[in-house]
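Participant: Here it is: the structure, laid out below.
The values are calculated or read from the model by the stated rules, or taken from the named source; none is laboratory data. Nothing here was measured: the structure is a model prediction, and the numbers come from that model. Every residue, glycine among them, receives a Cβ derived from its backbone with ideal geometry; neighbour counts consider all protein chains shown. In case anyone asks, the SASA skips ligands and DNA or RNA and just uses the protein heavy atoms, side chains included. Shrake-Rupley method; radii C 1.70, N 1.55, O 1.52, S 1.80 Å.
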Amino acid sequence: MSATRYRRFLKLCEEWPRDEFKKGRDLGTFLRQKVAAGFREGENTQIQDPEKCDQMYESLARINANVYKQRFPRVRDTSFTGVTVEECKLLLSGNVQQMDEEKKGLWKKVMERFSKSQEDVPEKAPEK
């Protein structure tokens, strides 16, 4: 039975997309590392808690199949900051230094929004 679980996780790892903009820190890479650590002996690995392993697989498979994206569609593809998906990917890619001047303006605008929201929060009174 452990062999079946191992093969299912391997198939999930093959299907899981990698984000080339986030080398070494995307969810696909993390998943592959966890599967390699969890199944050190490959198909011969003894699973301590088979129910938890199956539950984890089912949860990851639902995320990979975009079940929740289809069940709860978004009205707009922006966040509360007004940043589009493409702009957000660019900001999170780690290549902020390589952005052109127009995109640097966007970065400053987002950072200003966050700093203003931090300033609006009243400070707590010291507790006695």
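Participant: Identify the GluC sites (Glu not before Pro) of the stretch 1-60 meeting these criteria: DSSP loop state and at most 11 other C-beta atoms within 10 Å of the C-beta.
Facilitator: Glu41
Participant: Are there trypsin sites (Lys or Arg not before Pro) in the stretch 1-60 that DSSP marks as loop and that have at most 15 other Cβ atoms within 10 Å, and which are they?
Facilitator: Numbers: sites: Arg5, Arg7, Arg8, Lys11, Arg18, Lys22, Lys23, Arg25, Arg32, Lys34, Arg40, Lys52; in loops: Arg18, Lys23, Arg25, Arg40.
Counting only loop positions with at most 15 other Cβ atoms within 10 Å, the trypsin sites (Lys or Arg not before Pro) in the stretch 1-60 are Arg18, Lys23, Arg25, Arg40.
Participant: Here is a further query. Please calculate how many Å² of accessible area the stretch 1-59 carries per residue, with a 1.4 Å probe and no DNA, RNA or ligand atoms counted.
Facilitator: Spelled out: the 1.4 Å probe surface of the stretch 1-59, per residue, equals 76 Å².
Participant: Which entries in Lys23/Lys69; Lys22/Lys52; Lys22/Lys108; Lys22/Lys69; Lys23/Lys52; Lys11/Lys69 show an alpha-carbon gap greater than 27 Å? Can you show the working numbers first?
Facilitator: Details: Lys23/Lys69 24 Å; Lys22/Lys52 29 Å; Lys22/Lys108 21 Å; Lys22/Lys69 22 Å; Lys23/Lys52 29 Å; Lys11/Lys69 21 Å.
Correct reply: Lys22/Lys52; Lys23/Lys52.
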